[in-house]
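Structure record follows, encoded as C-alpha cells.
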There are 2 protein chains.
Amino acid sequence: MQLDMAFAALADPTRRALLARLALGEATVMELAQPFAVTQPAISRHLKVLEGAGLIERRVEGTKRPCRLSPAGLAPLEAWMEQLRRSMTANYDRLDGVLAEMTQAKKDDMP
Amino acid sequence: MQLDMAFAALADPTRRALLARLALGEATVMELAQPFAVTQPAISRHLKVLEGAGLIERRVEGTKRPCRLSPAGLAPLEAWMEQLRRSMTANYDRLDGVLAEMTQAKKDDMP
DNA sequence: TCCTTATATTACATATATTTTATATAAATC
DNA sequence: GATTTATATAAAATATATGTAATATAAGGA
C-alpha cells in the first residue's frame, strides 16, 4: 500500500534529511549526496524509495535529474494521523463525559 | 532514533490497524489479535514494536495486559511533518515572491 | 571521437523484520 | 494442587533493507 511505502520511507534518517534538504528547493543527485557519508548509489536508491512513496518527483535535465518534493505526497500520511487522533480524541471526550456523569451522580448522592 | 522507530512502526498495516482499534479504547492482547489472520505471538511482537516506538502503553491487570494509545506518541511525528511542510511552504512562498518580481520586472520592461 | 560528468544498475554481503511453532510463565479457577 | 487462560519468549525460516564496489549509460565538452 501507499501508506506502507510512505511511512517506511520516512523511517530512515538519511531519507528524512534528503526531504528536509529538498524542502529548501530542487537539487540534483550529486548535490543531495554531497553532505552524506554514503556513496552515490546509496543515495540513488534512497531517492528511488522516496519517489516510489510519492514523496518526491524528478525531472530529466540533460545528464542531471533534479529532484523536488511532491507537495501532495505528505497528504495521505497527515490524513491518516489526523484521523487517528480524531477518533482517539472523540473517545477521550466520551470518557470525559462518562466521568463527568459519574461525578455528577456522586454529587447528587451526597450533596 | 525515536522518529525512526515511530515511522517504521506505522509502516506496517497490521500495526496501523491495531492503533486504529486502540483509538476506540483500551483492549487486551487477545481482543486485539482476534480480528487478524496472524498468531498471538505475532501480535505480541507488533505490540512490542508499538510500545518501543512510544505509540502505546500497557498496564498489568492480573494475567491480562490491556493496551491503550499513548496520546503523546504521535506528537513527534506530527511535529516533524509539520516542520517539513512549513519549510517547504516557506520556500514556495519565496519562489512565488521571485516569480512576482520577475513578472513585475517584465511589466516595467514593456508596459 | 575521446574523455568526463551525472546517474542508474547489478552483484553481493550483511543486517533487520516478520512470521510460525513450540515452550515458558504466571495469574485464575476448579 | 492441578488445570486453564493470557501473554511472553526462543528458535528457526524466510523475506526485505541497506550498503559497497564495479560497471553501464548517456549527455556534454575538449
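The values are calculated or read from the model by the stated rules, or taken from the named source; none is laboratory data. Predicted model only: the values in this text are computed from it and were never measured. Because the Cβ atoms are built from the backbone with ideal geometry, glycine has one as well, and the counts that use them run over all protein chains shown. Areas reflect the complete protein model, heavy atoms only, side chains present, ligands, DNA and RNA absent. Shrake-Rupley method; radii C 1.70, N 1.55, O 1.52, S 1.80 Å.
Couple of notes before you dig in:
- Filter result (modelled with pLDDT under 95 and of a type in the set (Val, Ile, Thr)) within the range A:53-89: A:VAL60, A:THR63, A:THR89
- Count of the range B:1-34 residues, restricted to those that are outside any helix (DSSP H, G or I) and more than 10 Å from every other protein chain (Cβ to nearest Cβ), is 3.
- Residue that is more than 12 Å from chain B (Cβ to nearest Cβ), assigned to a loop (DSSP other than H, G, I, E, B) and modelled with pLDDT under 95, where the choices are A:ALA37, A:ALA105: A:ALA37
- In the range A:19-67, the residues that are away from DNA strand C (no atom under 12 Å from the Cβ) and open to solvent by 90 Å² or more (accessible area, probe 1.4 Å): A:LEU24, A:PRO35, A:ALA37
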